[in-house]
Amino acid sequence: MKPLYLIITVSIAAIGAVIALNVGSSQKTVPKVKLSYFTDSVEFAGAITQRLQQEITAEKNFWYGIEPEKKNHLELAFAVLKDLEKMNGPFDIKILDKELELQVDTYPELKDFQVLQVKKNWYEVADIFQNNKDKKIFVLTAAIYSTSFLKDNPIHKIKLQSGAQAISFSSGYFSIDTADEKNQLFRCSTENKEGVADWACAMINKSRTLRRKFDPAKTKTAGLMDLTGEKDYMILLR
């Protein structure tokens, strides 16, 4: 009985170790823009597009996900969009997610966008990609709809449905200590009912690895970018 007990115990421990390794590896990312300090969103956008110049010029379609009601996220998105059009020419189709509740009167940069419900009517967006494979398309949506960490979100469904590929940028919050993690929009918890814990945990895990390097005395924009998938990038800023 004792050997059998030991075998069962060792087996359970081994399974636990495998699960732990898989969870850990699922959150690993590859640095592309190290934690840096920028005078404004334009300078940060320049660092992003310069670092990915080769990838950008080879791609027609782009998704940019932001956190709702975060002005600095939106400013960076507009700055990246401007750089992308400088490099690749104007986009033929630009889509704004209605859930962001952004108004053209407030943001003139949105005047050429068509407004769609990206999550609810993802199949409509998929049709646009499928029927316009020769066109350049830009989608501005929420980060939880563009990140590669969430496997059943709109961008995942649209890629499967349309066969189209895209570079995606998803911006999130860079927390500087444990207390500051509470200011993150989503919780990194198994009890996360929104189903976005993987994205929340990815942001926290990355932030924790760089906190010792963060300089609170610098009042400029702090930001970084990591590769999280084949063509997917996580941007953290504060």
Of all residues in the range 153-174 being touching a residue at least 40 places away in the same chain (Cβ under 8 Å) and either part of a loop (DSSP other than H, G, I, E, B) or of a type in the set (Asp, Glu) (or both), the one that is farthest from GLU59 (Cα to Cα) | PHE174
Any residue in the range 221-238 that's modelled with pLDDT under 95 and basic (Lys, Arg): show its pairings with residues that are assigned to a strand (DSSP E or B) and surrounded by 20 or more Cβ atoms within 10 Å (Cβ to Cβ) at Cβ separation under 6 Å, as long as the two are six or more apart or on different chains.
-> ARG238/ALA222
Residue count, the range 187-238, condition assigned to a loop (DSSP other than H, G, I, E, B), under 30 Å from GLU55 (Cα atoms) and under 18 Å from the mean Cα position of the chain (by Cα), comes to 6
Near pairs, Cβ below 9 angstrom, 6+ apart or cross-chain, from the range 100-111 (among the basic types (Lys, Arg)) to any residue that is in a loop (DSSP other than H, G, I, E, B) and surrounded by 10 or more Cβ atoms within 10 Å (Cβ to Cβ) | LYS111/VAL104
Check every one of the strands (runs of 3 or more DSSP E) wholly within the range 19-118 and list those with 2 or more residues that are of a type in the set (Ser, Thr, Tyr).
-> 30-38
Scan the range 169-189 and give yes if some residue there is farther than 27 Å from LEU35 by Cβ and charged (D, E, K, R), otherwise no.
-> no
Would you confirm whether any residue within the range 168-183 is farther than 25 Å from ASN72 by Cβ and not β-branched (Val, Ile, Thr)?
-> no
Could you run through the range 73-121 and say how many residues are closer than 18 Å to ALA58 by Cα and touching a Pro at 6+ places or on another chain (Cβ under 9 Å)?
-> 0
Evaluation of ASP92 against (1) out of contact with any strand residue (DSSP E or B) (no Cβ under 6 Å at 6 or more places or on another chain); (2) crowded, with 18+ Cβ neighbours inside 10 Å (one fails), failing number | (2)
Please indicate, with yes or no, whether at least one residue in the range 21-29 is modelled with pLDDT under 95 and touching an Asp or Glu at 6+ places or on another chain (Cβ under 6 Å).
-> yes
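The values are calculated or read from the model by the stated rules, or taken from the named source; none is laboratory data. Since this is a predicted model, take the numbers as computed values, not measurements. All Cβ positions, even for glycine, are placed from backbone atoms using ideal geometry, and neighbour counts span all protein chains on display.
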